[in-house]
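Visitor: Quick one: this structure, given as structure tokens, is what I'll be asking you about.
The values are calculated or read from the model by the stated rules, or taken from the named source; none is laboratory data. Note that this is a predicted model, so its numbers are computed, not measured. Heads up, the Cβs are rebuilt from the backbone with ideal geometry, glycines too, and the neighbour counts pull from every protein chain shown. We work out accessible area using only protein heavy atoms, side chains counted, and drop any ligands, DNA or RNA first. Shrake-Rupley method; radii C 1.70, N 1.55, O 1.52, S 1.80 Å.
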Amino acid sequence: MSKYFHNTLSKLSAERRASHTPSAPAPSHLPDSMISSVSLLPEDKRLILFTRHSLRERSDGNGFASYQLPLTPKGRVLAKSWGRWLAGHLPYSLDVDSISSPIGRCIDTAQLMQAGAGLQRDIMHQSLLVEPGSLVTDPEIANPVFKEIGVLNFINRFLQGNLAGTKNAYQGGLDILSLFYQHQPQPGHLMLAVSHDTLLSAFLAVMFDVVKIDWNDWPKMMEGVFLWFDDKPFEQASAHFVWRGEVYIRPIVTLLEGYRAAGFHPNTLLLPPEVKWD
């Protein structure tokens, strides 16, 4: 594991897990990791759930999922029941606008989760939560490679900086963090950010500072990472996140250092406006 990480699953965290594990059953088809992650969440933070959309129709054999693929009937039920469950079991309000990939299955996931929570809030379409966006810059170059080598190999080549038509991996991760930082809800609220497996898998790999993942690392449908920031300027803050029942901290400055070390200038980053560079 990277030297930049601090796994915070201490004795205190274990005690919190034991005392705060919800007793109500999880929605059917929800990945098991989500409930174990819920049990580790702090209270009164500006919480974000960066999640893959709910269950969709099947993709082709190489992992290419057309943007026209809709949620399945089970996927629609899951999204709504997951929103209802979160609203009933978390000390957080979901009464906040969501952000989403502009693709239908992501928008539907956000709408259904809101509906399950008894809400109808705006859903802002965000280009950084789809491709081209936080990974791909030139789809005419990158898309044929994607279709040729498959989704997992595509992400690994992206992480290794060996893929034309894409961003540097640190830039992709920082762009998403910047997006979340700028859209943080009020304390005690949970904002939904709905996206796709490719973006979530690449984002987590960058946060873990790894350049190769396998299918065991791949996010399942309706699986997500809970995230919040220190109450500091962006470049001084750390991103705290819960993934598959583990709590991690990543200082943002380490990502900026990695980006610089790769030979890139910070002016190309989509940083929050209050960030100033010497």
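Visitor: Any idea what the dipole of the stretch 25-129 comes to, in debye rounded to 20, about its Cα centre with Lys/Arg Cβ at +1 and Asp/Glu Cβ at -1?
Guide: Details: 11 positive and 9 negative charges, 47 e Å.
Roughly 220 debye, rounded to the nearest 20.
Visitor: Moving to a separate point now. Roughly how big is the stretch 190-247's charge dipole about its Cα centre, with Cβ charges of +1 (Lys, Arg) and -1 (Asp, Glu), in debye to the nearest 20?
Guide: For this selection, approximately 100 debye.
Visitor: Let me know the charge dipole size of the stretch 121-170 about its Cα centre in debye, to the nearest 20, where only the beta-carbon of Lys, Arg (+1) and Asp, Glu (-1) is charged.
Guide: For the stretch 121-170, the charge dipole is close to 140 debye.
Visitor: Rounded, prolate or oblate: pick one for the stretch 74-122, where a ≥ b ≥ c are the square roots of the eigenvalues of its C-alpha gyration tensor, a/c under 1.5 means rounded, and failing that, prolate if a/b is larger than b/c, else oblate.
Guide: Note, shape of the stretch 74-122 comes out oblate.
Visitor: Rounded to the nearest 10 Å², what accessible area does D214 have for a 1.4 Å probe in the complete protein model?
Guide: 70 Å²
Visitor: Just to confirm my numbers, what's the Cα centroid distance between the stretch 210-255 and the stretch 107-163 in Å?
Guide: 17 Å
Visitor: Which net charge results for the neighbourhood of A117, defined as the other residues with beta-carbon distances under 10 angstrom from its beta-carbon, given Lys and Arg at +1 and Asp and Glu at -1? Write out the running numbers ahead of the final one.
Guide: Values: positive: K80, R84, R121; negative: D95.
So the environment of A117 carries a net charge of +2.
Visitor: Okay, moving on. Out of I103, P144, L200, whose Cα points farthest toward the positive end of the dipole of the stretch 103-208 (charges: +1 Lys, Arg; -1 Asp, Glu; placed on Cβ)?
Guide: L200
Visitor: Taking θ = phi - 60°, what integer Hz values does the Karplus form 6.51 cos²θ - 1.76 cosθ + 1.60 yield along the stretch 239-250, in sequence order, with x for Gly and Pro?
Guide: 8, 9, 8, 10, 9, 6, x, 10, 9, 9, 10, 10
Visitor: Additional query: Go through 82-91, 135-144 and give me the packing order, highest mean Cβ count within 10 Å leading.
Guide: Result, highest mean Cβ count within 10 Å first: 82-91, 135-144.
Visitor: May I ask you to order 113-125, 154-166 by the average number of other C-beta atoms within 10 Å around their residues, highest value first?
Guide: Ranked by mean Cβ neighbours within 10 Å, highest first: 154-166, 113-125.
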